[in-house]
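Coordinate-derived values only; no laboratory data. In this text, all values refer to a predicted model and were calculated from it rather than measured experimentally. Cβ: placed from backbone, ideal geometry, glycine included. Neighbour counts: every protein chain shown.
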């Protein structure tokens, strides 16, 4: 969990975060020189977050300094101890440490595989098995289309590794049972010469066309590679969110078997727990040790924390407050029963506690924005934080906890006028104490800094609740892209599932503040604080983080130059690492891996270095 840090240091944390990531050498610089050459991204397999690796030498005297002095009485700067990396993805930073400019971070691009042989060797090093069959064809695609970071596909490993511990026949039987269920779409390649297409579906008659259209977007990614893939059969959910809740004991046993190069039959798996969401968590996890009471008012955070590892911060086992803060969890109260085995279903998004397999989703993908919709930073004159959207994320009905849903909470949080909010202010320099947070009246703070409202009309609601929502919220019209282009800062938040807007937003010249619990396919190749600003789901860091970049009510303490740098880096990252070719490369590799793990003869579906077939 995040640890205590004196208030004199916390405002500098954000400066350290941003400086630490913007003043280093990039490890994945694209071929052309651009803003990315001043940034970096750390290895996703590293135990520490990307921002502060190698920050302190082991003998740095700052590592042993007492940090208990009352910040309000400090006469001279007192150095803090080392950065603390919480195991829940939260970070406390030493403000007096220098930023490192080299170390292992700057070597990542240099050590990225440049030949097929190097890629095979790196694959074996990471995953302790040979690559899948046709790996050489995937490599040819990567080289031909200049796909960057060719070794960074750990998200596929996260999704498929547990299935390696399941007996192939049981895997196939689970998939066949799944095909017979409602709300499923089966895509398949029946033989080596056939196309990838919808082979079967079981959908409600009134929604068939709409739901099939979602999978059409995914199918288009196969057009350039379907001749290169082996046969496979995969079951997709047509809906926005995941539903394959993992049981911790079942998944752990499967992973143990996979690591031992063995498999388990269904009757060899432990019986699943019937503890709802907690079933997915280790018995010693914070979610079990500090269970959340969904009916009690949320506790006010006792300490300021900021996200360092975005994936870890999305884990409700490590951050149990998420169970009361997001519609994905609130919609099912204490949670459904977990699956008794691992069920191989593809979903358009997933959480850390589900085992739905995630494809690269092209929904909302754009190559670029027209200049009329995307003015440069200096021409964006509105410095409020912008968001418009509908009230998705949870069904609004009698007995549901819709007021706690993430979108409803956002609207209430940034539009409340009563009371005060404690906001940290940046000191004039790194050596001066910042003191305690300043209580600011929300009646002044929110109208000046926030332009966040629901738009259109109430939806996702029972009729009586729709009427209540119409009266409760200040519904606005949707903004045109040109109108949205006036804003320097934009907010991105989940709906019923992952946000389909993120690609467009990060391709713009705005700085994106991202609020999500869904790790996406690109997590291995994007960096918070380098390409976007991560925000916790309870919004406890929103005011501190936003005013760090934008400044206070009068703009005091702003770091707009850093905001512009991250916005520019995010746009260039999008155009370099989120091209359609990158989506295709991910899809290619994912389905090579899936075809192997779903085969009754996995060994026959393995790449042989002495053969290019």
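Counting only the Cα atoms, region 371-576 fills a convex hull of 129 Å³ per residue. Packing-based ranking of 517-525, 180-188 yields 517-525, 180-188, ordered from highest to lowest mean Cβ neighbour count within 10 Å. Our analysis of region 248-328 gives Rg over Rh at 1.06, with the two radii drawn from alpha carbon positions and Rh computed by the Kirkwood formula.
Distance from the C-alpha centroid of region 324-395 to that of region 579-597: 21 Å, rounded to the whole angstrom.
Mind ordering 286-295, 358-367 by average Cβ neighbours within 10 Å, highest first? Could you put the intermediate results ahead of the total?
Working: 286-295: 14.5, 358-367: 18.1.
Going by the mean number of other Cβ atoms within 10 Å, highest first, we get 358-367, 286-295.
Could you list 312, 278 so that the one with the fewest beta carbons within 10 Å of its beta carbon is first and the one with the most is last?
Details: 312 19, 278 24.
Starting with the residue having the fewest Cβ neighbours, the order is 312, 278.
Roughly how compact is region 459-605, stated as its Cα Rg over 2.2 N^0.38 Å to two decimals? Cα Rg divided by the expected 2.2 N^0.38 Å: 1.35. Shown here are the Rg and Dmax of the Cα trace of region 529-613, at 22.2, 67 Å.
Per the Debye formula on identical point scatterers at the alpha carbon atoms of region 166-262, with no solvent, log10 I(q)/I(0) at q = 0.10, 0.17, 0.18 Å⁻¹ is -0.36, -0.92, -0.99.
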